[in-house]
Structure formats: C-alpha cells, structure tokens
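Everything on this sheet refers to the single structure shown next.
Here, each number is a calculation from the coordinates, and none is a lab measurement. What you see is a predicted model, and the numbers here were worked out from it, not measured in a lab. FYI the Cβ positions are ideal-geometry reconstructions off the backbone, even for glycines, and counts take in every protein chain you see.
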Amino acid sequence: MTTIQIFEPGLCCGTGICGVDVDQQLVTVSADIDWATSAGGNVRRFNLAQEPLAFAENETVRSFLHTVGQEGLPVTMVDGATVLTGRYPSRPELAKWAGLGAPAVEDRPSLLASAQPAATPSAADAGCGGGGAGEGCC
C-alpha cells in the first residue's frame, strides 16, 4: 500500500483548525485527507510543533529543513519520495498518489466553494478542547 506523509509547519493542534482565525487551507486539506483515508488511502500528517521527532528521524525532511527552513513546509512524500513542497496536496493529487481514482466533483470542496459559503468549524468540532474563547489548544 502506498504511504503518503505530509510534514507541516508547527500548528496549534494536530489539524490547525481550531481557534478563532481558522485558515481555510487547513480546513480543506483536513477534509481531503479524511476523504482519502475513508476511501482506503494511507495518509499521515506530522506537525513540527507536536511531532518534532518525526522530522528529525526522516533524513530527507531534516535536510530539507536545514536547507530551506520551516518556510518551505509543508513537504509531501509518497513512499519516501518528495513529491510536493511549499503547499498542501489537492484532493485529486492525494487520490492519484494513493491509487484511489479521481474524486467526483461533489467530493472536491474547492470546486464547490464558490457555489456555497464555507462553514468554519468551531474548536469543539475540531476536537481541540472545545469550550469558549481562550480554551482548547489555540
């Protein structure tokens, strides 16, 4: 089975979709990764702030950080080969690399985003500790 690894910059929690100012890019990639894993793909995320050992133990990622710095993250690897740097993979890219076939249009939120307003998850929905302002991981 193909293994996709995404090494991301330090985020406040495992997904980065918590707190008041949620980055839509992180919401989209989280949904895309959930889609890929539910379809049978093997996708893992590594957050520099929460899992620095994963970065240190991977020679390719460690060298990348020494050369480019954290500004070059995220780094996406497929079976150990670097396939993408500086941005998150799209749902079609994840599908291709995981051998899942192309996602249907209704499975591609980036195509539907212009037709519908995006919902912003709350901290409770994101699993970041819930509660009101100032609580949770962010």
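Quick check: from the Cα gyration tensor, does the range 9-99 come out rounded (a/c under 1.5), prolate or oblate?
oblate
Can you give the direction-averaged projected area of the convex hull of the alpha-carbon atoms in the range 49-107, in nm²?
Convex hull of Cα atoms, orientation-averaged projection: 4.9 nm².
Sum up the charges of everything whose Cβ sits under 13 Å from the Cβ of G99, counting Lys and Arg as +1 and Asp and Glu as -1, but leave G99 out.
Net local charge, G99 excluded: -1.
Roughly speaking, what is the stretch gain from H66 to S90, that is 0.36 nm per residue apart minus the C-alpha to C-alpha distance, in nm to one decimal?
Additional length available on full extension: 6.0 nm.
Testing the spin-label approximation: label points 7 Å from Cα along Cα→Cβ at D23 and M1. State their distance in nm.
2.8 nm
Could you check the spin-label model distance between A39 and E59? Points 7 Å from the Cα along Cα→Cβ, value in nm.
3.3 nm
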